[in-house]
């Protein structure tokens, strides 16, 4: 699939998908619109809420991701950029949005285990991004995770559950 035109969240089989996963898909699409078109969050939000299947998403989580990522874009980008091996401008908008979602959740959604954050963002990158984009998302988020979830990451690493 061409990463420049992600599939609309309602176009793939997702009947059994949890509401939080759906909210991440819709947030990814909205953040993509922001990154590519520099559209206003409120305009993107109105458009996204009209998409098929939106009512099945966790609306509060979607709101937090969309508005939180855009409001904190500079801080999130600084965390991401410090772990990149290329300029930020060379990162695909899909991978960029996946990383925004991951960093935001690691920092602000402490009810979501860090491994779930990584897995969800990696799956988004696999479903909507380029061929190996998910590996890049994994590497960056794995590097950011200890900044916000040090005890959780260390506990998983000690028990052999970490995803490094």
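General remarks:
- Cβ-based exposure ranking for 55, 108, in which fewest neighbours within 10 Å come first: 55, 108
- Between the Cα long axis of helix 114-128 and the first principal axis of the chain there is an angle of about 40°, rounded to the nearest 10.
- By the count of other C-beta atoms within 10 Å, a proxy for reagent exposure, 52, 155 are ordered fewest to most as 52, 155.
- Acute angle (nearest 10 degrees) that the helix 93-108 long axis makes with the longest principal axis of the chain, alpha-carbon atoms: 60
- Inter-label distance, nm, simple model (7 Å from Cα along the C-beta direction), residue 135/residue 82: 2.6
- Residues 98, 121 in ascending order of nearby Cβ atoms (within 10 Å, fewest first): 121, 98.
- Most mobile listed residue (91, 122, 44) in the chain, GNM with C-alpha springs under 10 Å: 91
- The chain - convex hull of alpha carbons, volume per residue in Å³: 112
- A Förster radius of 25 Å, combined with the Cβ-Cβ distance separating residue 151 from residue 116, puts the computed FRET efficiency at roughly 0.95.
- CD proxy at 222 nm, helix term only [per DSSP H run n ≥ 4: -39500 (n - 2.57); per residue of the chain; nearest 500]: -21500 deg cm²/dmol
Each reported figure results from applying straightforward, stated rules to the coordinates on display, with no laboratory input. Please read all numbers here as calculations on a predicted model, not as lab measurements. Positions of Cβ are backbone-derived with ideal geometry, glycine not excepted, and every protein chain shown enters the neighbour counts.
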